[in-house]
Amino acid sequence: MTSPSLTSTTNPGPELPAPAQGRARPSTAWLGLVPFGAYLALFLVLPTVLAIATGFFDKAGAFTWSNLSALVDPVILTTFWNTTWLSLLTAAVGAIIGAIVCYATMGLPPTGGIRTTLDAATGVLAQFGGVMLAFVFIATIGVQGVVTILLKDTFGIDLQPGTWLYSVPGLILPYIYFQVPLMIITFLPALAALKPQWAEANLTLGGSRVSFWLRIGFPVLAPSFLASFLLLFANAFSSYATAAALASQGSQIVPLQIRAALTSETVLGRENLAGALALGMIVIVGVAMGLYALLQRRAARWQS
């Protein structure tokens with residue numbers, strides 16, 4: 001005889017009704033972007049709109065092409081050329097030195113003392129510019145700078161023949177000073193994304209260190225390197241405070257030419273020339289940053 005306990009089944013009880021599906025609440029995560037959006041609108045969008053508006057209108061508010069025609073003036077073209085070669089030179093030097101430093105730090109542990117100190121120093125030095133940076137160079141290698149006087153009195157070497165520090169060539173060293181840390185910040189993640197498996201596969205197939213860099217390393221890093229170079233170019237092209245503090249006389253580069261157009265009392269009837277100069281500057285920097293975005297998108301495939 002079979003025991004009732006073995007043949008009886010357990011009553012699962014009535015099924016509970018599924019919870020009612022209420023209307024999904026709208027997400028409020030976008031509210032976190034409001035401060036950043038306001039910052040962009042106030043300090044990026046509004047100045048851009050003002051530059052475009054003033055570049056195409058005269059003092060009376062009438063549409064005119066006369067402001068833009070000043071961009072083909074030989075003096076203005078020389079100013080744009082000075083800014084371009086200064087930006088290209090400092091971006092190239094900063095990119096090369098920064099890439100070498102990044103390569104030298106790859107063998108260090110990420111949490112080690114040297115690597116941590118380098119990360120902290122680059123973060124600070126990349127933002128160290130303006131009047132403070134100009135004062136450092138004036139006090140160090142200026143006409144009466146500490147190093148200038150020391151070399152002149154000790155070895156008879158004059159670092160300031162013709163006071164070159166206060167001209168366009170004198171901006172090269174200060175610009176490189178903040179270009180190198182910026183390159184390290186932007187290029188080090190790309191270099192760290194090189195997978196050790198790629199080097200092992202290269203050795204397994206009979207390759208050497210040279211073949212690894214020629215066939216794998218350089219092609220993979222080329223988009224990131226070029227993107228960082230364009231970022232450095234745009235950074236130097238738009239720098240103002242350091243140049244304004246050092247080259248206080250004259251308007252050899254575009255940011256200083258814009259300052260002169262805004263403050264000069266001798267340029268009558270061309271009050272909106274600064275807007276035209278800013279418009280030309282926005283176009284050049286915009287093209288550089290557009291190319292930077294395209295290269296960075298290509299480089300992101302290898303960094304994921």
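Throughout, read-outs are computed from the coordinates displayed, never taken from laboratory work. Predicted model only: the values in this text are computed from it and were never measured.
A few notes on this one:
- Angle of helix 146-155 to the longest C-alpha principal axis of the chain, folded into 0 to 90 degrees and rounded to 10: 60°.
- Geometric extent, Cα atoms of the chain - Rg, Dmax (angstrom): 29.4, 120
- Computed over the chain with a Gaussian network model linking Cα atoms closer than 10 Å, the most mobile of 214, 31, 88 is 31.
- Relative contact order (%) - criterion: Cα under 8 Å, at least six apart; region: the chain: 29 percent
- A Gaussian network model of the chain, with springs between Cα atoms under 10 Å, assigns the largest mean-square fluctuation among 42, 68, 165 to 42.
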